[in-house]
Amino acid sequence: MFRTELIIFDLDGTLIDSSEDIAWAVNKTLRQMGLEELSYQAIKESIGWGVKMLLQRVLPENKQNLLEEARVIFMEYYSNHILVKTKLYNGAVNVLEHFKSKKLAIATNKPLNLTEQILDGLSISGYFKKVVGGDGVQNKKPAPEALEIILRKLNTSPKATVFAGDSKIDIEAGKQAGVITIGAAYGFRGRQELEDAGADMIIEDIKELISLCR
């Protein structure tokens, strides 16, 4: 059990399952550009690094020069389709409610305006004292910058902070920031990636946080 003052969450794959809406927008983008669509699983495995990296991964190697065009098209589709199938993981609200007396924050590579749109749409924005998006830092995760901003803003020691995320970039960011890292194996990547990244603890259900943090 970890004694914590601050719990920081990744967003996609940790608090919310946004994979279907993102995959839909990616394939609409590829189709509009005359490119072959990808499987849901292939797209899901590319989520988490931010929009630019997502599109770099899904565009064919010989079409990387179209990255900016793809970004504009994707953002148009995704921003208008952001909460069609996106949902909180089962038990997420219970976890937020349980820890509402603590400092809660979000560190995501998703742009802040989209993040806030989702938090508002799912009625959970009021739980968080600080939200840092990928466009609010010079270096996105796996760099620790977003976490360090939150630690400074909320005046909390890394040793009293837990960061929960579903990918190796989350665990790497957490380790560089000196916080306790909890891997969300129920998210987009699975247990093996989190074990390989050296997460301090791995959970199969978000509700396990209630028994891990006090």
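The values are calculated or read from the model by the stated rules, or taken from the named source; none is laboratory data. Keep in mind that this is a model prediction, so the values were computed, not measured. For neighbour counting, all protein chains shown are included, and Cβ atoms are generated from backbone atoms with ideal geometry for every residue, glycine included.
Being touching a helix residue (DSSP H, G or I) at 6+ places or on another chain (Cβ under 8 Å) and not in a strand (DSSP E or B): is that true of LYS159 here? Against the criterion (touching a helix residue (DSSP H, G or I) at 6+ places or on another chain (Cβ under 8 Å) and not in a strand (DSSP E or B)), LYS159 does not qualify.
Number of residues in the range 118-138 that are in contact (Cβ under 8 Å) with a residue 12 or more places away in the chain and either under 16 Å from VAL51 (Cα atoms) or of a type in the set (Asp, Glu) (or both) equals 7.
Look at GLY183 and say whether it is surrounded by fewer than 22 Cβ atoms within 10 Å (Cβ to Cβ) and either in the same structural domain as TRP49 (by TED's automatic domain parsing) or small (Gly, Ala, Ser) (or both).
So GLY183 fails the test.
Kindly indicate the residue of the range 134-149 that is in a helix (DSSP H, G or I) and over 15 Å from the mean Cα position of the chain (by Cα) and also nearest to ILE180 (Cα to Cα) among those meeting that condition. The selected residue is GLU148. Criterion first (assigned to a helix (DSSP H, G or I), touching a Ser or Thr at 6+ places or on another chain (Cβ under 6 Å) and not small (Gly, Ala, Ser)) does ILE73 satisfy it? Considered against the rule, which asks whether it is assigned to a helix (DSSP H, G or I), touching a Ser or Thr at 6+ places or on another chain (Cβ under 6 Å) and not small (Gly, Ala, Ser), ILE73 comes out as yes.
Considered as a group, the residues in the range 1-38 that are in contact with a helix residue (DSSP H, G or I) (Cβ under 8 Å, 6 or more places away or on another chain) and aromatic (Phe, Trp, Tyr) include one that is nearest to ASP120 (Cα to Cα), and that residue is TRP24.
Here is a yes/no grid of residues against (1) in contact (Cβ under 8 Å) with a residue 24 or more places away in the chain; (2) of a type outside the set (Lys, Arg); (3) surrounded by 16 or more Cβ atoms within 10 Å (Cβ to Cβ):
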site	(1), (2), (3)
PHE2	yes, yes, yes
GLY48	yes, yes, yes
ARG57	no, no, no
GLU61	no, yes, no
GLU69	yes, yes, no
TYR77	yes, yes, yes
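Confirm whether LEU209 is buried (at least 16 other Cβ atoms within 10 Å of the Cβ) and in contact with a Leu (Cβ under 7 Å, 6 or more places away or on another chain). So LEU209 fails the test.
As a summary of the residue check, LEU11 satisfies the conditions (1) buried (at least 17 other Cβ atoms within 10 Å of the Cβ); (2) farther than 24 Å from GLU145 by Cα except for the one numbered (2). Taking first residues from the range 185-214 that are farther than 26 Å from TYR40 by Cα and partners that are of a type in the set (A, V, I, L, M) and assigned to a helix (DSSP H, G or I), the Cβ contacts under 8 Å between residues at least 6 apart in sequence or on separate chains come to GLY198/ILE171; ALA199/ILE171; MET201/LEU212; LYS207/VAL95; LEU209/VAL95; ILE210/VAL95. The set of residues in the range 22-40 that are of a type in the set (A, V, I, L, M, F, W, C) and over 25 Å from LEU11 (Cα atoms) comprises MET33, LEU35. Restricting the range 188-198 to residues that are assigned to a loop (DSSP other than H, G, I, E, B) and within 16 Å of the chain's Cα centre (by Cα) leaves a set whose member that is farthest from ILE22 (Cα to Cα) is GLY190. Scanning the range 106-133 for residues that are in contact with a Gly (Cβ under 8 Å, 6 or more places away or on another chain), part of a loop (DSSP other than H, G, I, E, B) and β-branched (Val, Ile, Thr) turns up just one, THR108.
Is there a residue being more than 14 Å from the chain's Cα centre (by Cα), within 16 Å of VAL131 (Cβ to Cβ) and part of a loop (DSSP other than H, G, I, E, B) anywhere in the range 90-99? Scanning the range 90-99, I find at least one residue that is more than 14 Å from the chain's Cα centre (by Cα), within 16 Å of VAL131 (Cβ to Cβ) and part of a loop (DSSP other than H, G, I, E, B), so the answer is yes.
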